[in-house]
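**Student:** The structure's right below; bear with me while I get my questions together.
Only the coordinates and a few stated rules stand behind these numbers; no lab work does. Computed from a predicted model, the values in this text were never measured in an experiment. All Cβ positions, even for glycine, are placed from backbone atoms using ideal geometry, and neighbour counts span all protein chains on display.
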Amino acid sequence: MRFNPGVKRAATLSGLGVSAIALVAGGALAAPPPADTVIGNQAAATYTSNGETFTVQSNLVETVVNEVFDVTLSTDQTRDGAPGSLVFFPHTIDNDSNTDEVFDLASDAAGGTDDFPLTELEIFPDRDQDGVPDSLTPISETPAILAGESYGVVVRATVPSTAAPSEVTDFTVTATSQSDPSVTQTNTDIVSITTDGIIDLLKDQSLSVDADGDGQVSLGDTIEVTLTYSNTGIGAATGVIITDDLPTTNKAGDPVTLDYVAGSGVWSDNPGVALTDASGNTEATNAQGTSLQYETTGATSVIATLDTLAPGRSGTISFEYEITSALQGTIENTATVESDTQAQTSSNPSPVSVDPSADLVMADAAATGSTPASGVDGANLDSSDASASDDDGASDDVTTESADVFAGESMVFDMVVTNLGNESDTVLLDIANNDFPVGTSFDFVAPDGITPIVGDRIELTSGSSAHVQVVASLPSDAPATGAPAGFDATVTATSRKDSGVTNTTGILFNGAVVAPPVDLVNTDGAGTVTGGVGNGAVDDGGDPWQTRTVRPGETAVFPLQVSVDAGAPANTFDLVASGDANFATIDLPDGWSVEFYDTSGVKITSTGALSPTASAPAVFDYEARVSVPADAGADAVGTGLYFRAESPVNGASDTKLDSVAVEEVVDVAIEADTVAQSAPGGVAIVPHTITNLGNSTLTGGELSVGDSDPFSGQGITAAAFYDANDDGVLDANDPLITDLSQIVGSDSVAGLSPGEQARVFVRAQVPSTASYGIQETGDLTLSDSLTTENGAATDEDTANNTVLDTITIISGDMVITKEQAVDADCDGTPEGSYSLNALSADPGNCIAYRLIADNTGTSDANDVVINDTVPGFTTLEHCPADACAPALTIDGAVGTVDIAPADEGTGSVASSAQNAGFSLSPGSRAVLTFSVEIDT
Amino acid sequence: MKNRVTSIATILCAGVFAHPSLAEVLPVESRMDVSAVIKQADGETLRPADEIVPGAVLQYDLDYRNASDEAFEGFTIVGPVPENTEFLPETQNADRRSVFEAKVEGLDWAQPPVTRYETDADGTLRSVEVPASAYSAVRWRLAEPLAPRETASAAYRVRVAD
């Protein structure tokens, strides 16, 4: 017997596990497999658990293909015959093959002893094997006989009138397998001539009392035997003794018990009168003067003696017997007859086929008899083979457990199932809970207490029994119950051969359910208990015992302690945490993790052995560290977490509820400082990004332009607009914005959700009277008094709440265009072309900027300064070999970029300081390029 | 009285049990049994299938039990149809709600009746049903996850070539 150990992880199940035996069939079947072909099979199952895929193979089962042909022909016999008479020889052909078969039949008088010729020798069918041909059409082959079944024939020899007494002739009868002619058997029969009386005996059996009413012969039924005797000879027979010994084994050699029914004997010539079973008395005498003596020996032999029987006379003796025990199969019963002049001669074999009958007893002991009509086993049980666990001291169909248990502990009920049927059976097991607490699980296991009975069934041969155990595991929250708890369940055994045959037994727990002697509590880290009460109080009136508040990304620490009561047995406990109070699954919010550490800071998953003494508890201090992800939302209420210490040894456990709340982080940022240009009379539109760096939704906060530094001088006026359609361009529909409450982010919900961004434009209008070259600055500022979804709040970081825009007033005839391109590998060569479009790039990538200043006027532009700033979250990048260092061309000629940060620095990039600019003639172009690397 | 008796002893078990040590807990317990389906006068019965004849019908019984603490998602039981046998249609059975599918060489798993496309002599593409005798394996995909401690059972029959 082999159990598969193979649990493999597999990404996919593309093929099946292949062993040495090919398991995959092709298309339609062509021919029978050759003898000795092994048909092997092995099933597989796949499943996903915790995100991983597994494959498991079952055990291998094998079947051998073998067509075996075999036959038994019964039996050699010698019979007397009168000259000119017919003599009948019954034979039985047993198909001992393992498949259906047809057998050729032949009879042959040639050879052997032939004192006289037989006029005729024919074989007739006798399917019911009553010794009388079913028809007088001779046969030369049997019909198809099922494997294991038999077929009867009667061979009839016709004796010539010229045969003389004492002459003997023999003949053979042969049965041969048509599929395998080497399989053959021969009987030799002998006809012996006499002119004395010849008693022919036929035996017939029929169902007399059908105890189970199924119309078939089965256990408990009563059979009526009719023995028909007749004198087919020429002379009278004297001292005729008919004997019928009831068999004690069936055809397969298994024991059977057939019990003669006392007083059931009846003689045809004395009808209605029960024959006495005692010996030595004459029962009756018939009209021909024949007297009968009749006796039974023990309960199993019937002997009838007729003092004389005239030729041509016949009669019957009948009696009954009960089939007390017999396996499914055929019982052959041949009676015999002898007389003063006739040697003992057999009747036909008269087989009786006993049907299979299923019968099971499931109880707290093995059974020797069937369950009584009450349905409760007791007197039919054998207490010498009783339950190994029963505490109620009696074999009474209830297996009782009285030892106290903890909540969470398991108890074992050992019971016995007996197959009282007359053939092998498979017993299907089932259990119905009546009173055990909700959540109790039940498993069937083998008597070793461990090995599961997968499929809940066991095979039993007829008459055998087996112990089966039920392991009942109480849930860890089973309430404490005083003894006797009175929990019960019903176990049912059902026969697979006959699903109507079932038997039940009860299991009963009469001990007490006590709280496990283990406590899990909060401490203050120094051993003093601060929360969680002993056993059972999982929470504090529905609330967590302790709540700790942390910021996102931080870890909440709960010092905990497990203690085992003084006097309790040593134990060890696994440490677990879950959001699910029942721990059916380990359920934590996304991104959360819980780990346990001992007092030395070593990560642990169990307490190790804890051994209290008789007077002092065993105590184990540890801490649970709950890590909250950096993107955890504000949660003042807190997420409940159940901590549990659970013994893998006996299920004792204690559970308690704590909670972790997440602080609200309020921080909104605006970026970045920007330098822009505008001609007098023109407009500078400067985009800025507002980002919610906190963990709650911002719903309000004042946004103002020029709050601390208005664009003064030059008459520039500015206002802020919200890029409502998020297209990066100030459209007609983008509204004026003065408060965060006006923002509906990309998630279409009002306010700015954690992590969400919104674009705002500062639109600065430059009057036409403004002077060239002047720079004006103005700020865009978010108030630090904000409103979140949870109410009023203060921005915890006001350093990022303001940006400063610088507007440079440039010549109206100058047009400046700023383009950008992504240079992902920072080699100085952008992958794409420069454009005005928004780009996306990753940290570590570079962006190349190209500022193009064109003199679209008709006169020289003097003191031209092109300036820009390294954007926020980037640094200036020179690229290898300065390939992208700031560069300037003026009308094609190489110029210098006088103002720039160092490589990897931030700050202004300008062709020169103010008042030190270059000249650009009409139609000419200056291009300033520089690159920045996005911060990682 | 010549008898020809041939018996080949190779029997392997039907129905096996695990003997894991206490320390080792396998997440899945499985069991496969094979029985011979014997027709009787009034029905049929299952007998041990150690040695069978061509044309015999075998029944395979499969049982699986989740012995872990986690539910098994997408639990699928696969029963191969061994060489020298063919699947008997409508003999499949499972005790949990599941999708029953069959595998034919060259096609994907599909619910019976399995069809394939064939081209006629004149080039027309027709959908043709593939007989159950061509199945190389069958499977049951459970509709719900198999919870801890739960069992899933399936059975099917094949006929040995004759």
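**Student:** Anything over 26 Å Cα to Cα? Flag those among A:Lys203/A:Lys497; B:Lys39/B:Lys103; A:Lys251/B:Lys39, in the order listed.
**Tutor:** Violating the 26 Å limit, Cα to Cα: A:Lys203/A:Lys497; B:Lys39/B:Lys103.
**Student:** Would you kindly calculate the mean projected area, averaged across all directions, of the convex hull enclosing the Cα atoms of region A:814-934, in square nanometres?
**Tutor:** Approximately 7.1 nm², given one-decimal rounding.
**Student:** Sticking with this structure for a sec: Could you give the spread of the C-alpha atoms of chain A along their three principal axes, from largest to smallest, in whole angstroms?
**Tutor:** Principal extents (largest minus smallest coordinate, Cα): 162, 75, 46 Å.
**Student:** Apply the Karplus parameterisation 6.51 cos²θ - 1.76 cosθ + 1.60, with θ equal to phi minus 60°, to every residue of region A:653-661 and state each ³J(HN,Hα) to the nearest whole Hz, in sequence, with x for glycine and proline.
**Tutor:** Values per residue, Gly and Pro as x: 7, 9, 10, 9, 10, 10, 8, 10, 9 Hz.
**Student:** Then there's this: Pop out the ³J(HN,Hα) list for region A:163-169 in order, Karplus 6.51 cos²θ - 1.76 cosθ + 1.60 with θ = phi - 60°, rounded to Hz; leave Gly and Pro as x.
**Tutor:** With the stated coefficients, region A:163-169 comes to 5, 10, x, 6, 6, 9, 10 Hz.
**Student:** How shielded is A:493-499 by partner chains, expressed as the average number of their Cβ atoms within 10 Å of its Cβ atoms?
**Tutor:** Partner Cβ neighbours, averaged per residue: 1.
**Student:** Counting Lys and Arg as +1 and Asp and Glu as -1, what is the net charge of the other residues whose Cβ lies under 12 Å from the Cβ of B:Gly55?
**Tutor:** Spelling it out: positives minus negatives among the neighbours equals -2.
**Student:** Next question, about the same structure. Excluding same-chain residues fewer than 8 positions from A:Lys603, which aspartates and glutamates have a Cα within less than 19 Å of its Cα?
**Tutor:** Correct list for A:Lys603: A:Glu554, A:Asp574, A:Glu595, A:Asp621, A:Glu623, A:Glu646.
**Student:** Lys and Arg at +1, Asp and Glu at -1: add these up for the other residues within a Cβ distance under 12 Å of A:Gln342 and post the number.
**Tutor:** Overall, the nearby charge balance is -4.
**Student:** Continuing with the same structure: Counting only residues 5 or more places away or on other chains, whose amide H sits under 5 Å from the amide H of A:Ser85 once H atoms are built in the peptide plane?
**Tutor:** So A:Ser85 has HN proximity to A:Val159.
**Student:** Along the positive direction of the dipole of region A:814-934 (beta-carbon charges: Lys, Arg +1; Asp, Glu -1; about the Cα centre), which of A:Ala861, A:Val932, A:Asn837 reaches farthest?
**Tutor:** Value: A:Ala861.
**Student:** Once amide H atoms are built 1.01 Å from N in the peptide plane, which residues 5 or more positions from A:Ser931, or in another chain, come under 5 Å H to H?
**Tutor:** For A:Ser931, the qualifying residues are A:Tyr849, A:Glu877.
**Student:** Shielding of B:83-93 by partners, i.e. mean partner chain Cβ atoms within 10 Å per residue?
**Tutor:** Mean inter-chain Cβ contacts per residue within 10 Å come to 4.
**Student:** Could you list which residues have their amide H under 5 Å from that of A:Ser464, counting only those 5 or more apart in sequence or on another chain, with H placed in the peptide plane?
**Tutor:** For A:Ser464, whose amide H was placed from the backbone, the distant partners under 5 Å are A:Asn419.
**Student:** With θ set to phi - 60°, apply the Karplus curve 6.51 cos²θ - 1.76 cosθ + 1.60 along region A:889-894 and write out the HN-Hα couplings as whole Hz, x wherever there is a Gly or Pro.
**Tutor:** So the Karplus estimates, Gly and Pro as x, are 10, 10, 6, x, 8, 6 Hz.
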